Amino acid sequence: MNWAGGERQILLLLSVCFLLGGIAGCLLEETFPADAVTDHFLAVAVQGYHTPSLWREIGCLLKWPVLAIILAHVPLTGVTIPALFTLRGTILSYGISAFVVGNSLEGGLASGALFGPICLLSLPLFFLLGAEALMRQIGAEAPPRKKWIAAAGLCALLLLFCCMIDRHVTPVFLSALLMTVTVS
């Protein structure tokens, strides 16, 4: 990235928004617990979790980056991108805390297996897109078209890899992990 300056402040802003969303998600789960849903999910996962459909996976992985790209081209980018990061932090935190609060060790392991591999690859991409949008908003120089196309291709490959992990590795890993924990 060829950012003229301000990248640290923008990444700090996005991180704070994401963290505040995470705190809001924990408080939201405390107010509206999802114990019944997570208990059912864990019971089904122990018996053997089914592979999710490809289109569901693609939709889940692409919705946040696509929203960041769309919001990068609307007039109030300085407001919408931080709001999007707050919302993403809230939803992710609500899902993780729903598993952990009601199910302790099993829930913590399940949330790590469910959200971990995908978030390790998709969240940095999400932050990159959000930071690029805000840098463009303040007038920083955009990267050359060739670099942008190469970066977009790499991001698409990473998201495809995430999709394959979530469809083929996560169900098997989650079932084995939960069987081990519930048997012990």
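Just so it is clear, none of the values below were taken in a lab; they were calculated from the coordinates. Everything quoted here is computed from the prediction, not taken from an experiment. Note: ideal-geometry Cβ built from the backbone for every residue, glycine included; neighbour counts use all protein chains shown.
Here the simple spin-label model places points 7 Å from the Cα toward Cβ, and for Q9 and T180 these points are separated by 4.8 nm. A simple count of charges around I23, restricted to other residues whose Cβ falls under 12 Å of its Cβ and scoring Lys, Arg +1 and Asp, Glu -1, yields -2. Converting phi to 3J(HN,Hα) with the Karplus coefficients 6.51, -1.76 and 1.60 and the offset θ = phi - 60°, the stretch 68-79 yields 5, 5, 5, 5, 5, 10, 9, x, 9, 4, x, 9 Hz in sequence order, with x at every glycine or proline. Multiplying the residue separation of S104 and T51 by 0.36 nm and subtracting their alpha-carbon distance yields 16.6 nm. For the modelled label position 7 Å from the Cα of R167 along Cα-to-Cβ, which residues of the stretch 59-80 have backbone nitrogen atoms closer than 16 Å? Flagged as within label range: 59-63.
Extension gain, D39 to C119, is 26.5 nm, computed as 0.36 nm per intervening residue step minus the present C-alpha separation. Net charge in the neighbourhood of T38 (other residues with Cβ under 11 Å of its Cβ; Lys, Arg +1, Asp, Glu -1) is -4. Sites listed here are GluC sites (Glu not before Pro) in the stretch 77-174 whose DSSP assignment is loop and whose Cβ has at most 11 other Cβ atoms within 10 Å: E141. Computed over the chain, the per-residue total of -39500 (n - 2.57) for DSSP H runs of n ≥ 4 gives a 222 nm mean residue ellipticity of -29500 deg cm²/dmol, rounded to 500. The simple spin-label model puts a point 7 Å past each Cα toward its Cβ; for V74 and I91 those points are separated by 1.4 nm. Placing pseudo-labels 7 Å out from each Cα toward the beta carbon at V16 and L62 gives an inter-label distance of 3.4 nm.
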